[in-house]
1. Whether any residue in the range A:540-558 is touching a residue at least 40 places away in the same chain (Cβ under 8 Å), of a type in the set (A, V, I, L, M, F, W, C), surrounded by fewer than 22 Cβ atoms within 10 Å (Cβ to Cβ) and over 18 Å from A:D575 (Cα atoms) is what I want to check.
2. I'm trying to understand the selection: among the residues of the range B:57-110, which are modelled with pLDDT under 55 and in contact with a helix residue (DSSP H, G or I) (Cβ under 6 Å, 6 or more places away or on another chain)?
3. Can you pull out the residues in the range A:46-77 that are outside any loop (DSSP other than H, G, I, E, B) and touching a Phe, Trp or Tyr at 6+ places or on another chain (Cβ under 6 Å)?
4. With the checklist (1) surrounded by 23 or more Cβ atoms within 10 Å (Cβ to Cβ); (2) farther than 24 Å from A:F461 by Cβ; (3) within 12 Å of chain B (Cβ to nearest Cβ); (4) not charged (D, E, K, R) in hand, flag the one item A:N530 doesn't pass.
5. Mind listing just one residue for me: the one in the range A:452-477 that is among the hydroxyl-bearing types (S, T, Y) and without any contact (Cβ under 8 Å) to a residue 40 or more places away in the chain and, of those, farthest from the other protein chains (Cβ to nearest Cβ)?
6. Of all residues in the range A:481-491, which are buried (at least 24 other Cβ atoms within 10 Å of the Cβ) and either of a type outside the set (F, W, Y) or over 21 Å from A:R556 (Cβ atoms) (or both)?
7. Identify all residues within the range A:410-438 that are more than 22 Å from A:H74 (Cα to Cα), within 14 Å of chain B (Cβ to nearest Cβ) and in contact with a helix residue (DSSP H, G or I) (Cβ under 9 Å, 6 or more places away or on another chain); write none if there are none.
8. Note down all Cβ pairs under 8 Å where the first residue falls in the range A:496-510 and is within 11 Å of chain B (Cβ to nearest Cβ), the second is among the aromatic types (F, W, Y), and they're at least six residues apart or on different chains.
Amino acid sequence: MAYSFPEEVLEHVFSFLSSDRDRNAVSLVCKSWYEIERWCRRRIFIGNCYAVSPDIVIRRFPEVRALEMKGKPHFADFNLVPEGWGGYVHPWIRAMSAAYPLLEEIKLKRMVVTDESLELIARSFKNFKVLVLSSCEGFTTDGLASIAANCRNLRELDLRESEVEDLSGHWLSHFPDNCTSLVSLNMSCLGSEVSFSALERLVARCPNLRTLRLNRAVPLEKLPNLLHRAPQLVELGTGAYSAEIRSDIFSNLTEAFSVCKQLKGLSGFWDAIPAFLPAMYSVCSGITSLNLSYATIQSPDLVKLVSQCRNLQRLWVLDYIEDTGLEALAASCKDLQELRVFPSDPFGAEPNVALTEQGLVSVSEGCPKLQSVLYFCRQMSNAALVTIARNRPEMIRFRLCIIEPQAPDYLTLEPLDTGFGAIVENCKELRRLSMSGLLTDKVFEYIGNHAKKLEMLSIAFAGDSDLGLHHVLSGCESLRKLEIRDCPFGDKALLANAAKLETMRSLWMSSCSVSFGACKLLGQKMPRLNVEVIDERGPPDSRPESCPVEKLYVYRTVAGRRADMPGFVWKMDGDKALSADGSGNKPREVVERLGSSYAINFCTWLSYSLQSVPNTDARIITCMGQRNLFC
Amino acid sequence: MSRGNDAPPPEPEYLGALKTDLTLALPGGGGGPEAPKPPAKRGFSDTADLKLGSSCHEDEDSAVTQPPPPKAQVVGWPPVRSYRKKMMKSGKYVKVAVDGAPYLRKVDLQLYTSYQELLAALEAMFSCLTICNVVNERKIMDNINGKEYMPTYEDKDGDWMLVGDVPWKMFVESCKRLRLMKSSEAVGLAPKTTSSKGSSTK
């Protein structure tokens, strides 16, 4: 029946499919649909850059225009992944520079990007439009200068939270005078001052500029100059939000804000002083997203600001807001969907603010649309968690960090099993959960039994035994990412649930009790997983097999062993721990089994795609029902 | 910190998987009747030990026993991103000019807690110089050039002041830039032996 439609018709139909899942499902229907789909796929998302290789991607999808990719494990954000671990984007850029001359977009997260890569991007892709580097590192402002100078049609340059070696602010001046295409510029992570006049001229000549996130070095007195030149801005990140307290500065700022009728998002506010907050009041009623998480303003001033933002949907704030401020938030902002409360003094021994579990309870009571929470606090109770769970059964993301590890319910001194149990039991749509506090195996039983939609779970200092891990691995059907640190989980649950790991993107375990022997066994039995041991004490085989490894990172892959492992990473391969310069790539046949949980009802026969990759002779047989391995 | 010891008996499938031989049999293989012995519960300090253990004991009973580390120093906890930590530190960078040097440097005044530390850092930065430590009136006579420099700074009002007169915190607050001036030019600013000033080095 597929043959009765000309390819062009099918291609046209497929062009309406934007979701990767839909496209993957389509490509598994039959060989000819697979072929047509792969020629017209324009966007690729690769959740783990080591799950697949550039060659494999390019061979299958020859006409890609947009790549989104992630590198290091999430716990790299908290310094748990040693420097030099990997996540290098350059091999991808090199391969794509030859294969995808029409590439327009590159979005990377937690990857190492060099100036060389940026220069190659600038030179290779004539129609390059979008560069988003989220939490990346390894490049300098010189690389940015190449991008600015050469990408004639650049629309987005977003460096969110990247660590950039800041040689000077001169890079911004490399945008040519005829560059008018910018829609989004986020330079908030940079330290150096850019030439303000260059910035002013750039902003003035880009009529489509919607998002402008300045860095701290842009002085507040000069912000009005920019706002007047870009009154169409939808998202603004201020620079430092302090200046000499002078009435002319204040009135200029107030006037400039009043001109920006489209503003929906505000961020920045470094070194904010309360005196200048009222300058923004005119835009507050339109604001839906507010990031005050770098503003060290106290609760009363925060409350005055926030209670004017009646349409607020997202608030990121420091714990200076305190319980009273959160109560006010709950009373004023009925559209609130996402709340993140960050700690102002995370390493202090004593609480410095009056923020407790009560603040979160208030918000859960007052904000009917609340679905996403990140909350740092110093005390929690089962009762509070149960209340929150009952108030907000539609919660999707719940991340709670009680600052003291293994802190019990402060009222009863019991573990917080019941509380988190209530969360997973009531919040049936929960996709992401991070837990803290005193937790036994019981909480994992609750999670395994109830958290059926859970995709990402983060655990620290919790559990009693392997039973806990077993509950999670055997019960959480939708689990994609599991990250564990400092828990007494060992070999048994891991090995008993080895097959589960092929259905997930990755597993991270650090400071647990997984032995070297178990890692080897896992690597031997599961050829489609890369089982990587990270150990800075030296080669794992210099210690007994029963010795626990420092860190373990397991991920599914069709690319085989990675070639860029540093000296402290070993891949478990059969009976050996292979380092990066171990024996050369062995011929492998990578066979993916039928994944019964993901069987689709279209067809029951396998569709084959035989590809030979030079040097590794890997044959990839794509099978019906196999979940997208890019995911 | 006491915990309830009432873990429910493991289900049969799990039992089957808990053979002492490490196998990858999927849960359900006929299990032995004996209940598995869960590894000893670990308190926080024990798990922290595991992380720090540099050698490994042959003990079946697992945990490396070392004295627990001070609680404050847990890597990556609480989970605050290094980007955020960096951004929260405001840092107070000021330019440092040295008479006769071809380029300026920058220092973050918040890295130091006293004039002593700052001057030591400046000496290290401009290693060929000796900087006159006006606070302690310690003249470090020496070396290559035999030149002495007086540390001065421009304050918020735009005036050039001698470093060391005001309390350290006030100095950090008001300093906009530093200049190491050749002593020979610093007429009239020679350090006095006035300990009654009471300017604290803190």
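The values are calculated or read from the model by the stated rules, or taken from the named source; none is laboratory data. Because the structure is predicted, anything quoted here is derived from the model rather than measured. Heads up, the Cβs are rebuilt from the backbone with ideal geometry, glycines too, and the neighbour counts pull from every protein chain shown.
1. Within the range A:540-558, one or more residues are touching a residue at least 40 places away in the same chain (Cβ under 8 Å), of a type in the set (A, V, I, L, M, F, W, C), surrounded by fewer than 22 Cβ atoms within 10 Å (Cβ to Cβ) and over 18 Å from A:D575 (Cα atoms).
2. Answer for the range B:57-110, where residues must be modelled with pLDDT under 55 and in contact with a helix residue (DSSP H, G or I) (Cβ under 6 Å, 6 or more places away or on another chain): B:A63, B:V64, B:Q66, B:P68, B:P69.
3. Listed by number, the residues that qualify are A:I46, A:P54, A:E68, A:F75.
4. If we test A:N530 against (1) surrounded by 23 or more Cβ atoms within 10 Å (Cβ to Cβ); (2) farther than 24 Å from A:F461 by Cβ; (3) within 12 Å of chain B (Cβ to nearest Cβ); (4) not charged (D, E, K, R), just (3) comes out false.
5. A:S474
6. Hits for the range A:481-491 are A:L482, A:I484, A:R485, A:D486, A:C487, A:P488.
7. Result: A:Y410, A:T412, A:E414, A:P415, A:L416, A:D417, A:T418, A:G421, A:L438.
8. A:A496/B:Y14; A:S510/A:F75
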